[in-house]
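Dropping a structure here in structure tokens format, bear with me for questions.
The values are calculated or read from the model by the stated rules, or taken from the named source; none is laboratory data. Because the structure is predicted, anything quoted here is derived from the model rather than measured. Counting neighbours? That spans all protein chains shown, and the Cβs are built from the backbone with ideal geometry, glycine included. Heavy atoms of the whole protein, side chains included, go into the accessibility calculation; ligands, DNA and RNA do not. Shrake-Rupley method; radii C 1.70, N 1.55, O 1.52, S 1.80 Å.
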Amino acid sequence: MIVMEIPPLNLICYRYDSASLFLPGQHSALFVLQKTIRPVWAVRGLHKSAVEVLKRPAPEDTVTASYGKFISEVKPQHLSSVALHRSKRMVLDSIGVGLIGSTTDVFELALQHSQHMYAPDDISSVYGRKGTRLSPALAAFVNGVATHSMDFDDTWHPATHPSGAVLPAVLALSDVMPANSKPTGLDLLLAFNVGIEIQGRLMRFSNEAHNIPKRFHPPSVVGTMGSAAACARLLSLDHTQCSHALAIAASLSGAPMANAATQSKPLHIGNASRLGLEAALLASRGLEASPLVLDAVPGVAGFSAFYEDYVPQPLESPNDDNHMFLLEEQDIAFKRFPAHLGMHWVADAAASVHKLLVGLGPGTVSPAQVQDILLRVPKSKYINRPFPDSEHEARHSFQFNACSALLDGEVTVQSFTPAAMRRPDLLALLSCVQVEHPQDNPANFNSMYGEIQVSLVGGDILKGRCDTFYGHWRNPLSNESLRKKFRNNAGAVLSSEKVERLIDVVEELDRLEDCGFLLSQLQ
């Protein structure tokens with residue numbers, strides 16, 4: 001057996017066209033309505049002792065309120081050097097996959113929809129499209145779609161794609177702010193980290209969320225919440241408004257896993273980014289929502305509607321400099337090729353067998369050598385696709401990615417082109433594949449493995465196994481490898497000079513006085 005391990009704001013109103021946005025400056029007290037509250041027993045003419053009074057926690061004692069307080073009170077000094085380093089890597093990777101994603105068919109469809117179905121506001125920039133601008137919400141939408149259009153974006157544990165829902169939203173919001181009030185690079189990174197933190201905290205309240213999903217696509221749930229939190233932080237909303245932003249976002253969340261491996265899956269990330277931004281803007285206007293949306297309230301589902309075993313805990317407010325972001329404890333997985341994260345295990349295992357086959361034969365792999373192929377992978381229905389019909393299905397197929405790596409020695413961006421998918425040799429290998437689901441191989445990105453057994457016509461059996469692929473949080477990409485990936489992705493859209501400038505800008509992002517320079521480099 002061969003085991004393959006590759007080494008490694010106070011608020012004012014700023015108006016644009018037909019919409020308005022609150023930005024730092026003055027109170028939002030105009031939107032506070034006076035309410036006269038009378039006890040129910042007085043209204044109905046009942047004696048007070050005749051009704052049961054239900055006790056409710058004080059607003060400041062709820063889980064929901066603790067999250068609002070954290071979002072409003074966290075400061076740049078709470079970001080450690082580890083959090084800054086890792087989040088800048090996430091920003092760089094997310095921009096890169098978004099830029100190459102702007103060349104895809106699904107991005108083009110989303111862009112045309114946004115341009116033709118809505119009146120353009122010509123404010124916020126679009127990845128890779130010089131001269132194209134949309135309203136902030138729609139720019140967040142199409143850039144989010146671009147980020148996930150090839151399934152090339154980062155993955156965290158518990159399982160979600162954290163960056164694509166947050167970065168397009170904070171970039172679009174920064175774009176709309178007046179030139180003399182642009183956030184600093186550190187402000188942008190703080191908002192981004194808040195959006196990542198909220199996603200991670202919410203997913204850690206559920207054991208179900210730790211596994212490869214079956215019901216809701218996680219970014220469509222926690223991603224929307226993260227986007228709302230990040231935008232609320234960037235807008236400097238108070239703690240009550242931050243809580244309302246999360247509650248509003250909960251009403252805008254959720255997309256079914258049935259749309260995985262289709263052109264609609266990238267819409268999940270685009271909508272999470274867009275709707276989280278809109279939730280924060282609605283909260284900034286004074287719109288209210290449930291003050292208990294994150295709490296466990298018997299008989300009334302809040303966030304627990306998405307995770308049946310949801311057991312929330314309050315989020316402590318940062319005190320002085322002692323808050324530790326989850327990103328410091330749990331690093332991110334960056335993908336080497338554009339496919340579902342689970343594909344990286346089987347691809348690396350198959351690539352190790354490819355090397356053996358090349359050594360045994362004429363320097364290439366031929367289906368004529370192969371009797372049958374056995375994959376041992378976790379049981380997960382939506383990524384078990386024997387004969388994928390589209391590039392999106394291929395990105396979610398254990399069989400396709402294993403056979404591509406077995407045939408070519410690697411999986412790349414080009415592996416999912418129509419010509420590559422139709423190759424007779426690849427189709428012949430696919431017809432040889434069988435799949436097993438060992439009990440010790442759970443559908444969990446933190447503990448799964450990928451194993452391949454290739455039986456040759458002559459009777460020999462070759463085996464490959466991958467427990468931790470290069471790019472996983474246990475074996476992270478080096479800075480050199482991450483920049484190589486960025487250069488390849490961003491270079492599909494931008495000049496080499498602009499690509500190198502973007503690398504430098506992101507590296508210095510926490511020291512930029514005005515994030516407007518970053519925004520100017522994305523087209």
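Count the DSSP beta bridges whose two residues both fall in the chain, then state the antiparallel fraction as a percent rounded to the nearest 5.
Roughly 80 percent of the DSSP beta bridges within the chain come out antiparallel.
Let me ask something else about it. Among Leu341, Thr147, Thr64, whose Cα projects farthest towards the positive end of the dipole of the chain, with charges put on the beta-carbon of Lys, Arg (+1) and Asp, Glu (-1)?
Thr64
Give the accessible surface of segment 323-411 per residue, rounded to a whole number of Å², with probe radius 1.4 Å and ligands, DNA and RNA excluded.
Roughly 33 Å² per residue, with all protein chains present.
Enter the accessible area of Met324 (Å², nearest 10), with the probe set to 1.4 Å and all protein chains included.
Met324 has an accessible surface of roughly 90 Å² with all protein chains in place.
In square nanometres and to one decimal, what's the mean projected area of the convex hull around the Cα atoms of segment 254-364?
Its Cα hull, projected and averaged over all orientations, spans 12.8 nm².
What are the aspartates and glutamates whose alpha-carbon lies under 17 Å from the alpha-carbon of Lys182, with same-chain residues fewer than 8 places away excluded?
Partners within reach: Glu508, Asp510, Glu513, Asp514.
While we're here: Label segment 382-427 by shape, choosing from rounded, prolate and oblate, from the square roots a ≥ b ≥ c of the eigenvalues of the Cα gyration tensor; if a/c is under 1.5 it is rounded, and otherwise prolate applies when a/b is larger than b/c, oblate when it is not.
Rounded.
Hey, another quick one. If we sort 163-172, 410-419, 345-354 on the protection proxy, mean other Cβ atoms within 10 Å, highest first, what's the order?
163-172, 345-354, 410-419
Next up: Let me know the volume per residue of the alpha-carbon convex hull for segment 358-438, in Å³.
Convex hull of Cα atoms, per residue: 97 Å³.
Calculate what fraction, in whole %, of the accessible area of the chain sits on carbon and sulfur atoms when a 1.4 Å probe is rolled over the protein chains.
Whole-percent figure for carbon plus sulfur exposure: 52.
Among Asn180, Ala137, Ser102, flag the residue with its Cα farthest along the positive direction of the charge dipole of segment 52-194, charges on Cβ as +1 for Lys/Arg and -1 for Asp/Glu.
Towards the positive end, the residue furthest out is Asn180.
Right, here's the next one. Keeping every protein chain present and rolling a 1.4 Å probe, give me the accessible area per residue for segment 443-492 in Å².
Accessible area per residue: 40 Å².
Right, another one. Using the Cα centre of segment 287-370 as the reference point, and only Cβ charges (+1 on K/R, -1 on D/E), how large is the resulting charge dipole? Debye, rounded to the nearest 20.
960 debye
Please compute the contact order of segment 172-229 in relative form: average sequence separation of alpha-carbon pairs under 8 Å and at least six residues apart, divided by the residue count, as a percent.
Once divided by the residue count of segment 172-229, the mean separation gives 41 percent.
Give the peptides 396-405, 223-232 in descending order of average Cβ contacts within 10 Å, highest first.
The peptides rank, most packed first, as 223-232, 396-405.
Moving to a separate point now. Roughly how many Å is it from the Cα centre of segment 364-440 to that of segment 283-300, as a whole number?
Cα centroid to Cα centroid, the span is 46 Å.
Right, something else. What lysines does Lys463 reach when the alpha-carbon gap must be under 27 Å and sequence neighbours fewer than 8 apart in one chain are set aside?
Lys335, Lys355, Lys379, Lys381
Just going by the charge dipole of segment 95-201, with Lys and Arg at +1 and Asp and Glu at -1 on Cβ, which of Gln199, His157, Ser124 is farthest out on the positive end?
Result: Ser124.
Distance between the C-alpha centers of segment 62-122 and segment 459-523? Whole Å please.
Cα centroid to Cα centroid, the span is 16 Å.
Please label the shape of segment 418-482 as rounded, prolate or oblate, based on the square roots a ≥ b ≥ c of the eigenvalues of the alpha-carbon gyration tensor (a/c under 1.5 means rounded; beyond that, a/b larger than b/c means prolate, else oblate).
oblate
Among the trypsin sites (Lys or Arg not before Pro) within segment 338-425, which fall in a DSSP loop and have no more than 12 other Cβ atoms within 10 Å of their own Cβ?
Here the sparse-neighbourhood loop sites are Arg422.
Provide Rg over Rh for the chain; use the alpha carbon set for both Rg and the Kirkwood Rh (inverse mean inverse pair distance).
Value, to two decimals: 1.02.
In whole Å, what are the Cα extents of segment 118-237 along the three principal axes, biggest one first?
45, 30, 22
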